[in-house]
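The values are calculated or read from the model by the stated rules, or taken from the named source; none is laboratory data. In this text, all values refer to a predicted model and were calculated from it rather than measured experimentally. Heads up, the Cβs are rebuilt from the backbone with ideal geometry, glycines too, and the neighbour counts pull from every protein chain shown. Surface areas here come from the heavy atoms of the whole protein model, side chains and all, with no ligands, DNA or RNA. Shrake-Rupley method; radii C 1.70, N 1.55, O 1.52, S 1.80 Å.
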Amino acid sequence: MDVLVAMRTFRRVVERGSFSLAAVDLGQSTAAVSKQVRQLEERLGSLLLLRTTRRMSLSEAGQAYFSECCHLLDELDALERATQDGSSEPSGRLRVNAPLSFGLKVLSPILVAFMQRYPQLKVELTLDDRLLDVVSEGFDVSLRIRSHLPDSTLVARRLGEVEQIICAAPAYLQANGTPQSVDDLREHSCLAYRLAEHPGSWHLRGPQGSSRLELPVRLAVDNSLMLSEMLLAGLGIGALPSFIARPLLDSGQLLQLLPGQSMPRRSIYALYASHRHVSQKVRVFVDFLASELEAQLIHLVPSARPVPTHE
């Protein structure tokens, strides 16, 4: 038995919470993964994992071993990287999670350039607007767009900001009138992003100060691209991230409303596990993304366009 291989297998099983999921990550059979963990337990003379037909958990000895196991493997990886970084390209598999709309509209061209720059890396990208668990789902990096993040043990690197733009289709405004004040929004059909921190509740700031509105939500969806389609169809008024809103505003398909009022901007974060040493593939990906976003973000925030008044 290769002890280091068995330690890495044990670590992946614990992080994934499943022998079968760890096996998929490691490219092995579930039986092979289970055998390595069992051999490691036999070598140590101690039960590391408590198994039942329904769940798996660490024993007391397993908890202590897991902590030291991660520390030793991280130190070994850091030593190898310190030796290799100056002479080798990052390689291996990089698993990334990102919101669907952001992935399609912003990340896609950046990812093409990244993979051309680092041909030895194999990227697996999962697009999902839900907040997935980075460690248990086996991701190396998770990209999230939030006004704030809950406390966690993950490293959160802030990469930039995205503005939220209140807008509607000209056809909707012609049929229903154009809101001239914050209070006017209560008289309109509002469309909401269902996965927002407070869907249907808008926090606005303008010359007269801040206000929070509870709006009558006609439709709530969990994807910003879907929301933009509903706005284009003239179903109501909604707020879109600027990377989706800008081309639609520039083309006149949507019109910005209440340009004197602003909504809180959302930050773009890269989240990854808080190991002492960040892997080379994670480091180069996050650095590359930060550099590309810094160059693009000035284009993500649209300038205000005049909106005609329809009485």
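Please work out if Ser147 is open to solvent by less than 30 Å² (accessible area, probe 1.4 Å), within 15 Å of the chain's Cα centre (by Cα) and not hydrophobic (A, V, I, L, M, F, W, C). If you could, list the steps in order and put the result at the bottom.
Values: open to solvent by less than 30 Å² (accessible area, probe 1.4 Å): no; within 15 Å of the chain's Cα centre (by Cα): yes; not hydrophobic (A, V, I, L, M, F, W, C): yes.
For Ser147, the condition - open to solvent by less than 30 Å² (accessible area, probe 1.4 Å), within 15 Å of the chain's Cα centre (by Cα) and not hydrophobic (A, V, I, L, M, F, W, C) - is not met.
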- [ ] Take the range 214-259 and flag every residue that is farther than 14 Å from Gln164 by Cα and assigned to a strand (DSSP E or B).
- [x] Glu214, Val217, Arg218, Leu219, Ala220, Val221
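Please note which strands (runs of 3 or more DSSP E) are completely contained in the range 14-109 and include at least 3 residues that are surrounded by 13 or more Cβ atoms within 10 Å (Cβ to Cβ).
Of the strands (runs of 3 or more DSSP E) lying wholly inside the range 14-109, those with at least 3 residues that are surrounded by 13 or more Cβ atoms within 10 Å (Cβ to Cβ) span 92-98.
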Open item on the list: Testing Ser279 on (1) surrounded by 19 or more Cβ atoms within 10 Å (Cβ to Cβ); (2) at pLDDT 90 or above, one condition comes back false. Which one is that?
Closed with: (2)
Open item on the list: Suppose we filter Ser224, Ser274 for residues that are among the polar types (S, T, N, Q), touching a strand residue (DSSP E or B) at 6+ places or on another chain (Cβ under 7 Å), under 30 Å from Val155 (Cα atoms) and at pLDDT 90 or above; which single one remains?
Closed with: Ser224
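Quick check on my filter: what residues within the range 180-213 are part of a helix (DSSP H, G or I) and surrounded by 15 or more Cβ atoms within 10 Å (Cβ to Cβ)? Spell out the reasoning first.
Step one: list which residues in the range 180-213 are part of a helix (DSSP H, G or I), which gives 183-187.
Leu185 - this is the single residue of the range 180-213 that is part of a helix (DSSP H, G or I) and surrounded by 15 or more Cβ atoms within 10 Å (Cβ to Cβ).
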Open item on the list: As an exercise: evaluate Ser251 against (1) of a type in the set (S, T, N, Q); (2) more than 16 Å from Leu195 (Cα to Cα); (3) under 19 Å from the mean Cα position of the chain (by Cα) and give the number of the one condition it does not meet.
Closed with: (3)
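Would you point out the residue of the range 122-145, among those that are part of a strand (DSSP E or B) and touching a Lys or Arg at 6+ places or on another chain (Cβ under 6 Å), that is farthest from His198 (Cα to Cα)?
Step one: list which residues in the range 122-145 are part of a strand (DSSP E or B), which gives 122-127, 141-145.
Narrowing further to those that are touching a Lys or Arg at 6+ places or on another chain (Cβ under 6 Å): 122, 124, 145.
Details: Lys122: 37, Glu124: 31, Ile145: 14 Å.
If we take residues in the range 122-145 being part of a strand (DSSP E or B) and touching a Lys or Arg at 6+ places or on another chain (Cβ under 6 Å), then Lys122 is farthest from His198 (Cα to Cα).
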